[in-house]
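One structure is given below, encoded as structure tokens.
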Amino acid sequence: MARLRLDRAALNRQLTASRRRKGDDVARRVVNRAKVLAPVDTGRLRASIRMESRRTFTLKTVWTVGSDVYYAPYVNDGTRPHVIRPKTKQALRFKVGGRVVFARVVNHPGTRPQPFLDRALREVALAEGFTVRTNR
């Protein structure tokens, strides 16, 4: 009678490597989709979108997709209406319709969210069956 011996450690390594490759592929696709969906003014936000993978203590791989420019959360999530005051001068200076305007206080109406990262995650990662967690 022939015996079959299963090398569980080798099988686990193979499955883990396969899962990691699949995760890397999906994370790269999320990055590419986020770059397509990102609003463009100067291109800095689009160029800053990156993917990072790391192993946890339980040896699971976690992928993070995001941007390191300071204004990325404001673009993705929007802002509430807020008051803008000068920090070091007596007045704010800006242009409206080609004219220079001075003001002591400006009531900013806020900005609408442009959820390019959230949309990319939903369109790609969730469709592939991955769990998505956002930092908010």
Using protein chains only and a probe of 1.4 angstrom, how many square angstrom of Ser18 are accessible, to the nearest 10? 60 Å²
Semi-axes, largest first, in whole Å: what does sqrt of 5 times each Cα gyration tensor eigenvalue give for the stretch 60-136? 38, 13, 10
Send over a whole-number figure in Å² for the accessible area per residue of the chain, probe 1.4 Å. 83 Å²
Working from Cα positions, state the angle (0 to 90°, nearest 10) between the long axis of helix 8-37 and the longest principal axis of the chain. 20 degrees
Gyration tensor (Cα) of the stretch 18-68, equivalent ellipsoid semi-axes in angstrom: 25, 12, 5
Convex hull of Cα atoms in the chain, direction-averaged projection (nm²): 12.8 nm²
Tell me which aspartates and glutamates have Cα within less than 19 Å of Lys95's Cα, excluding those fewer than 8 residues away on the same chain? Asp41
Percent relative contact order of the chain, based on C-alpha pairs within less than 8 angstrom and at least six residues apart? 23 percent
Full-extension gain between Asp77 and Val100, please, as 0.36 nm times their residue separation minus the C-alpha to C-alpha distance. 5.3 nm
Given a Förster distance of 35 Å, report the FRET efficiency between Arg119 and Ile84 from their Cβ-Cβ distance, rounded to the nearest 0.05. 0.75
Which percent of the accessible area of the chain is formed by carbon and sulfur heavy atoms (probe 1.4 angstrom)? 52 percent
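The values are calculated or read from the model by the stated rules, or taken from the named source; none is laboratory data. Keep in mind that what you see is a predicted model, and the values were worked out from it rather than measured. Quick reminder, even Gly has a Cβ in these numbers, built from the backbone with ideal geometry, and neighbours come from all protein chains shown. Side chains included, ligands, DNA and RNA excluded: accessible areas come from the protein's heavy atoms. Shrake-Rupley method; radii C 1.70, N 1.55, O 1.52, S 1.80 Å.
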